[in-house]
Amino acid sequence: MLKINLIHRICQVFFEAKMVLIVLCVLSWPVQANGLITQCELASKQSKSVEVAIQTCRQELTQEHSRFIKASILSKLGQLYRTQNEAEAAIAVWQEAGGYVRLTQMDSTENKIWVKLQALIAETLFNTGQTEQAESYLLTQISEAKLKTGLFSITVAKLQESLGGIYALQGDQDNSLKMFQESALIYQMQASQFSLDFVENQMSYGIALLDLGLQEKALTFFKEFSGLLRTSEGYKNSILMAEALTFLGTLQIGSNAFIDAARNFHDAYSIRVRHFGHDELQTTQVLNNLGVALFRSGYLDKAQEILNQAYDTRNKLLGAEDSLTQSSKNNLNAVIEAKNSGKKSKNFINIQSIS
């Protein structure tokens, strides 16, 4: 059985032979203090032990720091607690971090840090089955933000976006789309078409369409969205572009547009390689998807080459028994089986020549 994978932030999209898309997605953002990388942040990336990373963070908190840096350390500490399924500890730490930042009428760095912390808290409540608490929490924070930052602030829009995502995960189409419409209106008033805030809002909206099961709407959206990003020098080779193309390719496979999907996976892969190199987990996801699209398009030889590369890289990164490694192995075996059964491969020249 061929399997297509995608991770977007904390998202996975699986494509099965019956062409059913299952989307699991909750957005989360890192919180950093003016680009500074703390010892806590470094330990979370470099240490093989979560406990060691937690101790590093706690030790760093005993030192003198600015409010921003304290918030950054606490944010990362909360994320480490969450990896150990210590939701209450994570939420407590994020609430403490929120005490170090102050909401203002300006679209300040403090506002951005504060809103991201609120989203992390709501996300954790939701992921631990506290759905009503997550909704109530965000509604309360939206009311507070309206009082302190204004009815039509970017801070309010970002919280509405987070709440819209939670509604989408519950299948609440009316409330989800309402939240995204209200947030989009604010972005149109306060931000330019190519501002990072607006572009991330649009990406979140596209993911919500997937979570709501609105596949046709999502397909149309990601076609238009990726087309828009292509017109921007700042975004056409960005990670956001790669993610948009990966979502688009996944949806195109679901609608049997295999050649278009292959082109988009190819472009997404090229972008990710420029940013992260070949040996990066999410990049192997896109490579796996490209191999599946090529197989379904009839380019068996090229599909075998691509899937073999995906399998080798995942085997190196994750080990032979990991489910993602096994997924690529199964896909590769499906291609080999098709060739052994006498199925002819189309002649592949390059991705642009496919028609």
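The values are calculated or read from the model by the stated rules, or taken from the named source; none is laboratory data. None of these values were measured; they are calculated from a predicted model. We place every Cβ from the backbone using ideal geometry, glycine too, and count neighbours over all the protein chains shown. Just so you know, the surface numbers come from the protein's heavy atoms only, side chains and all, with ligands and any DNA or RNA stripped out. Shrake-Rupley method; radii C 1.70, N 1.55, O 1.52, S 1.80 Å.
Tabulated data for the structure shown
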{"item": "Selection count where residues are open to solvent by 60 Å² or more (accessible area, probe 1.4 Å), within 22 Å of Gln55 (Cα to Cα) and without any contact (Cβ under 8 Å) to a residue 24 or more places away in the chain, scope the stretch 78-123", "result": "5"}
{"item": "Flag for Lys217 being surrounded by fewer than 24 Cβ atoms within 10 Å (Cβ to Cβ) and at pLDDT 95 or above", "result": "yes"}
{"item": "Complete set of residues in the stretch 178-215 that are closer than 18 Å to Leu163 by Cβ and among the β-branched types (Val, Ile, Thr)", "result": "Ile186, Ile207"}
{"item": "Count of residues meeting criterion [surrounded by 14 or more Cβ atoms within 10 Å (Cβ to Cβ) and either at pLDDT 90 or above or on the phi > 0 side of the Ramachandran plot (or both)] in the stretch 59-69", "result": "2"}
{"item": "Every pair of residues 6+ apart whose Cβ atoms lie under 7 Å, when the first sits in the stretch 328-355 and is within 14 Å of Ala293 (Cβ to Cβ) and among the small types (Gly, Ala, Ser) while the second is modelled with pLDDT under 75 and assigned to a loop (DSSP other than H, G, I, E, B)", "result": "Ala334/Leu2"}
{"item": "Residue check, Lys146 within 23 Å of Thr104 (Cα to Cα) and open to solvent by 40 Å² or more (accessible area, probe 1.4 Å)", "result": "yes"}
{"item": "Output for the stretch 34-86, where each listed residue is farther than 22 Å from Ala119 by Cβ, in a helix (DSSP H, G or I) and either of a type in the set (D, E, K, R) or touching a Pro at 6+ places or on another chain (Cβ under 7 Å) (or both)", "result": "Glu51, Arg58, Glu60"}
{"item": "Phe222 being surrounded by 22 or more Cβ atoms within 10 Å (Cβ to Cβ) and at pLDDT 95 or above", "result": "yes"}
{"item": "Residues that are among the hydroxyl-bearing types (Ser, Thr, Tyr), assigned to a helix (DSSP H, G or I) and crowded, with 16+ Cβ neighbours inside 10 Å, drawn from the stretch 124-143", "result": "Thr124, Tyr137"}
{"item": "Hey, Thr155 farther than 25 Å from Gly234 by Cα, part of a helix (DSSP H, G or I) and of a type outside the set (Gly, Ala, Ser) or not", "result": "no"}
{"item": "Cβ-Cβ under 7 Å pairs, at least 6 apart or on other chains, the stretch 281-298 side under 20 Å from Glu337 (Cβ atoms) and part of a helix (DSSP H, G or I), far side among the basic types (Lys, Arg) and open to solvent by 10 Å² or more (accessible area, probe 1.4 Å)", "result": "Leu294/Lys302"}
